[in-house]
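What follows is calculated from the coordinates using simple rules that are stated; it is not laboratory data. As the structure is a prediction and not an experimental result, all values here were calculated from the model. Cβ: placed from backbone, ideal geometry, glycine included. Neighbour counts: every protein chain shown.
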Amino acid sequence: MKLWFGLLGAAMMLAFLGAVALKVGEPALWVVVAVGVVLMGIDLWQARAEPDR
């Protein structure tokens, strides 16, 4: 269950940040968004190994 909610949250974050980055269009913002997405992916990958409570 935790994995599904994590994937849902990741999709929502990607949609929000992608829309903002597209509207603003600054390359520096794209770098910040990319770093945030990578960190989110790492956290999601590590959280999937933890047992559900």
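Scanning region 21-53 for residues that are surrounded by 11 or more Cβ atoms within 10 Å (Cβ to Cβ) and in contact (Cβ under 8 Å) with a residue 12 or more places away in the chain yields ALA21, VAL33, GLY36, VAL37, MET40, GLY41, LEU44, ALA47, ARG48.
Taking every residue in region 1-12 that is within 17 Å of ASP52 (Cα to Cα) and pairing it with any residue that is among the basic types (Lys, Arg), at least 6 positions away or on another chain, the pairs with Cβ-Cβ distances below 8 Å are LYS2/ARG48; LEU3/ARG48; GLY6/ARG48.
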